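Asker: After the structure tokens below, expect a handful of questions from me.
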């Protein structure tokens with residue numbers, strides 16, 4: 001029973017295990033589940049083990065039991081469109097204003113976020129009209145209007161939960177904010193980075209190990225035997241370099257800032273540098289990239305066990321990376337192409353990663369991303385990507 | 001077992017939604033631990049207390065700490081007392097019988113109790129993964145060994161196990177595989193009003209409306225590190241109610257007293273005060 005449902009969950013990328021599927025059947029055979037509503041709660045509690053997958057589960061459930069349309073990549077497309085919209089807005093507010101039927105002065109009042117929201121709304125309306133509202137065709141008795149994705153949070157959860165059907169609940173997609181591509185929060189970043197901690201005993205043996213002392217004393221038939229230990233210390237050194245220049249990074253500055261804020265609190269020996277687009281001969285210790293330059297040759301003196309983390313979108317014109325005088329800043333002429341500088345860093349630090357705030361499925365479209373990706377292992381700046389990056393940094 | 005037929009439907013001080021009640025009942029029937037996640041203040045710990053109250057079963061709480069070893073939760077061999085007894089010999093315990101010096105930890109207590117108990121394992125995410133995996137082994141087998149006396153302690157009654165986690169780390173896969181899972185979302189305003197009614201049955205509805213409104217707006221301020229949760233709201237209401245000079249209307253005017261009750265971190269507090277004084281929140 002429900003084997004199709006199980007495989008659909010698996011295909012959607014939810015890590016469901018056969019054991020838990022059997023457990024679900026145990027619940028079914030004991031008569032614990034008497035309606036579709038019960039089945040929804042039971043199957044989610046038994047099969048899905050993280051709230052990050054609740055949203056996907058809701059979608060698959062709605063699809064399987066009501067024939068609702070499966071998620072497509074509309075969201076991604078929208079975001080990309082929104083981004084390009086923002087770019088054109090920066091360049092030419094006037095044309096855009098007329099395209100959106102808005103007064104230029106009105107558009108100027110909107111923040112970029114508001115603008116994107118407004119744009120997305122308009123785009124969705126447009127779509128709805130073209131598609132004839134056919135997004136939830138085949139949903140049977142459920143009302144398609146309130147659930148068509150126009151108002152994802154439209155119906156509220158909570159108090160009146162008694163009479164709603166499970167499919168309606170599933171269609172509401174209440175757990176959207178928790179899903180894998182949800183926003184990166186400080187706490188998540190902090191947790192991911194915490195795994196970088198590398199505690200090893202250091203210094204003189206000057207701390208009494210009480211438990212061991214008691215145990216050894218007992219073994220010694222009550223004659224006192226005191227055991228000393230070394231203190232645990234975090235010896236990991238970390239260098240973070242952030243691309244904070246140029247408007248191509250602007251949309252990500254907040255995310256990177258979160259990473260950076262947490263990084264401060266996590267490690268004792270942490271150095272933060274800034275660069276623009278890519279690394280040439282010098283990187284800077286101050287965010288304005290002016291006062292405190294640091295030659296990258298000096299990194300050779302650093303402990304090779306230092307973990308190097310570069311954060312940037314790695315998107316630029318190819319010549320900025322390959323040409324020997326590629327920097328767009330005239331004063332940055334080291335005579336070496338940036339590519340060489342990056343290779344030098346990668347050789348110098350065995351453990352290094354590049355975190356890219358762009359979604360990984362977009363990487364293929366930018367040449368410089370794949371070039372840099374061959375030098376540094378590149379990970380997406382998301383919860384999953386961070387975890388993978390940390391695992392890579394901590395690998396032997 | 002008669003206790004299996006009991007089912008859970010809520011308690012006096014706890015507002016339960018249907019979905020969660022179903023999940024609790026299913027987990028009890030399947031005899032699987034229930035893992036609860038959710039941000040602080042969504043009532044994860046309260047749930048265990050509520051189940052215990054509702055079903056009239058004793059509650060045993062294991063508060064997990066980061067330095068904890070599994071053995072601490074199972075049993076403790078009190079070597080120090082034994083040493084003392086062996087030197088001074090003024091107690092009734094038999095020094096040659098190690099069993100006299102074994103004390104049960106929280107899990108041990110739940111196993112050896114005369115009746116079915118609720119075992120709440122609070123904030124499991126604080127401990128390291130080894131602890132978690134080992135513990136699940138014990139809870140799976142429902143028995144553990146006491147090495148010192150070479151004895152196996154089995155559970156007389158399978159306890160109802162509730163595990164909470166603060167949604168920071170994801171737990172390991174084998175761990176998750178053996179639990180049922182539920183994520184408690186932060187209550188929406190409607191639910192919150194019900195929760196407030198449970199705590200303050202005679203609350204003035206104008207005060208409640210405006211307080212809940214302001215509370216949800218304050219929660220949505222940007223860049224707040226620790227957002228106020230249910231506990232803070234309840235305390236805040238208590239503070240508002242005990243202030244004789246306070247009128248519910250003031251909240252609507254953007255005059256919000258006792259922000260310190262809601263925001264515990266000094267940065268958050270400053271941010272909130274700034275926002276509140278700059279523009280009206282209503």
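The values are calculated or read from the model by the stated rules, or taken from the named source; none is laboratory data. Bear in mind the structure is a predicted one, so any value in this text is a computation, not a measurement. Cβ placement follows ideal geometry from the backbone for every residue including glycine, while neighbour counts extend to all protein chains displayed.
Asker: List the number of the failed condition for residue A:232; all other conditions in (1) within 14 Å of chain B (Cβ to nearest Cβ); (2) surrounded by 14 or more Cβ atoms within 10 Å (Cβ to Cβ); (3) at pLDDT below 80 hold.
Answerer: Here residue A:232 meets the rest and fails (2).
Asker: Could you check segment A:17-34 and list, in sequence order, the residues that are more than 10 Å from every other protein chain (Cβ to nearest Cβ) and outside any helix (DSSP H, G or I)?
Answerer: Within segment A:17-34, A:34 is the sole residue that qualifies.
Asker: Name the single residue, out of those in segment A:35-74 being more than 9 Å from chain B (Cβ to nearest Cβ) and part of a loop (DSSP other than H, G, I, E, B), that is modelled with the lowest pLDDT.
Answerer: A:73
Asker: Please work out if residue B:142 is without any contact (Cβ under 8 Å) to a residue 40 or more places away in the chain and surrounded by 15 or more Cβ atoms within 10 Å (Cβ to Cβ). Can you show your working first?
Answerer: On the way: without any contact (Cβ under 8 Å) to a residue 40 or more places away in the chain: yes; surrounded by 15 or more Cβ atoms within 10 Å (Cβ to Cβ): yes.
Here the answer is yes, as residue B:142 does meet what is asked.
Asker: All but one of (1) surrounded by 14 or more Cβ atoms within 10 Å (Cβ to Cβ); (2) assigned to a helix (DSSP H, G or I); (3) over 27 Å from the mean Cα position of the chain (by Cα) hold for residue B:195; state the number of the condition that does not hold.
Answerer: (3)
Asker: Tell me which helices (runs of 4 or more DSSP H) are completely within segment B:76-150 and hold 1 or more residues being modelled with pLDDT under 85, or say none if there are none. First the steps, then the outcome.
Answerer: Details: elements: B:79-88, B:106-112, B:129-141.
Helices (runs of 4 or more DSSP H) meeting the threshold: B:79-88, B:129-141.
Asker: Name the residue, out of A:11, A:51, that is touching a residue at least 60 places away in the same chain (Cβ under 8 Å) and farther than 14 Å from residue B:22 by Cβ. If you could, list the steps in order and put the result at the bottom.
Answerer: Details: A:11 fails: touching a residue at least 60 places away in the same chain (Cβ under 8 Å).
The conditions single out A:51.
Asker: Follow-up question, since we're still on this one. For residue B:153, which of the numbered conditions (1) within 21 Å of residue A:213 (Cβ to Cβ); (2) in a strand (DSSP E or B) fails to hold?
Answerer: (1)
Per-residue answers, yes or no, for (1) within 14 Å of chain A (Cβ to nearest Cβ); (2) more than 19 Å from the chain's Cα centre (by Cα):
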| residue | (1), (2) |
| --- | --- |
| B:78 | yes, yes |
| B:110 | no, no |
| B:114 | no, yes |
| B:131 | no, no |
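Asker: Identify the single condition in (1) out of contact with any helix residue (DSSP H, G or I) (no Cβ under 6 Å at 6 or more places or on another chain); (2) under 30 Å from residue A:216 (Cβ atoms); (3) assigned to a loop (DSSP other than H, G, I, E, B) that residue B:39 does not satisfy, given that it satisfies every other one.
Answerer: For residue B:39, the failing item is (2).
Asker: Hey, could you check segment B:80-105 for residues that are under 30 Å from residue B:125 (Cα atoms) and surrounded by 15 or more Cβ atoms within 10 Å (Cβ to Cβ) and say which is farthest from the other protein chains (Cβ to nearest Cβ)?
Answerer: First, the residues of segment B:80-105 that are under 30 Å from residue B:125 (Cα atoms): B:102-105.
So of that shortlist, the ones also surrounded by 15 or more Cβ atoms within 10 Å (Cβ to Cβ) come out as B:102, B:104-105.
On the way: B:102: 14, B:104: 19, B:105: 15 Å.
Here the residue is B:104.
Asker: Filter segment A:359-378 down to the residues that are within 18 Å of residue A:279 (Cβ to Cβ) and in contact (Cβ under 8 Å) with a residue 24 or more places away in the chain and list them by number. Break it down stepwise before answering.
Answerer: Narrowing segment A:359-378 to residues within 18 Å of residue A:279 (Cβ to Cβ): A:366-378.
Of everything in segment A:359-378, those that are within 18 Å of residue A:279 (Cβ to Cβ) and in contact (Cβ under 8 Å) with a residue 24 or more places away in the chain turn out to be A:366, A:367, A:368, A:369, A:371, A:372, A:373, A:375, A:376, A:377, A:378.
Asker: Out of segment A:379-390, which residues are in a helix (DSSP H, G or I) and either touching a residue at least 24 places away in the same chain (Cβ under 8 Å) or not assigned by TED's automatic domain parsing to the domain that holds residue A:344 (or both)? Outline the logic, then answer.
Answerer: Narrowing segment A:379-390 to residues in a helix (DSSP H, G or I): A:383-390.
Hits for segment A:379-390 are A:383, A:384, A:385, A:386, A:387, A:389, A:390.
Asker: Hey, can you tell me all the residues within segment B:42-70 that are over 15 Å from residue B:124 (Cα atoms) and within 14 Å of chain A (Cβ to nearest Cβ)?
Answerer: B:42, B:43, B:47 - these are the residues of segment B:42-70 that are over 15 Å from residue B:124 (Cα atoms) and within 14 Å of chain A (Cβ to nearest Cβ).
Asker: More than 14 Å from chain A (Cβ to nearest Cβ) and under 30 Å from residue B:131 (Cβ atoms): does that describe residue B:238? Talk me through it step by step, then tell me what you get.
Answerer: Working: more than 14 Å from chain A (Cβ to nearest Cβ): yes; under 30 Å from residue B:131 (Cβ atoms): no.
Here the answer is no, as residue B:238 does not meet what is asked.
Asker: If you scan segment B:158-192, which residues turn out to be part of a loop (DSSP other than H, G, I, E, B), away from every other protein chain (no Cβ under 14 Å) and touching a helix residue (DSSP H, G or I) at 6+ places or on another chain (Cβ under 8 Å)? First the steps, then the outcome.
Answerer: Of all residues in segment B:158-192, those part of a loop (DSSP other than H, G, I, E, B) come to B:158-159, B:166-172, B:178-179, B:184-188.
After this cut, where a residue has to be away from every other protein chain (no Cβ under 14 Å) as well, the list is B:158-159.
Once the filter is applied, which keeps residues that are part of a loop (DSSP other than H, G, I, E, B), away from every other protein chain (no Cβ under 14 Å) and touching a helix residue (DSSP H, G or I) at 6+ places or on another chain (Cβ under 8 Å), segment B:158-192 yields only B:159.
Asker: Then there is this: When you scan segment B:55-66, do you find a residue that is buried (at least 16 other Cβ atoms within 10 Å of the Cβ), in contact with a helix residue (DSSP H, G or I) (Cβ under 9 Å, 6 or more places away or on another chain) and closer than 21 Å to residue A:219 by Cβ, even just one?
Answerer: There is no residue in segment B:55-66 that is buried (at least 16 other Cβ atoms within 10 Å of the Cβ), in contact with a helix residue (DSSP H, G or I) (Cβ under 9 Å, 6 or more places away or on another chain) and closer than 21 Å to residue A:219 by Cβ.
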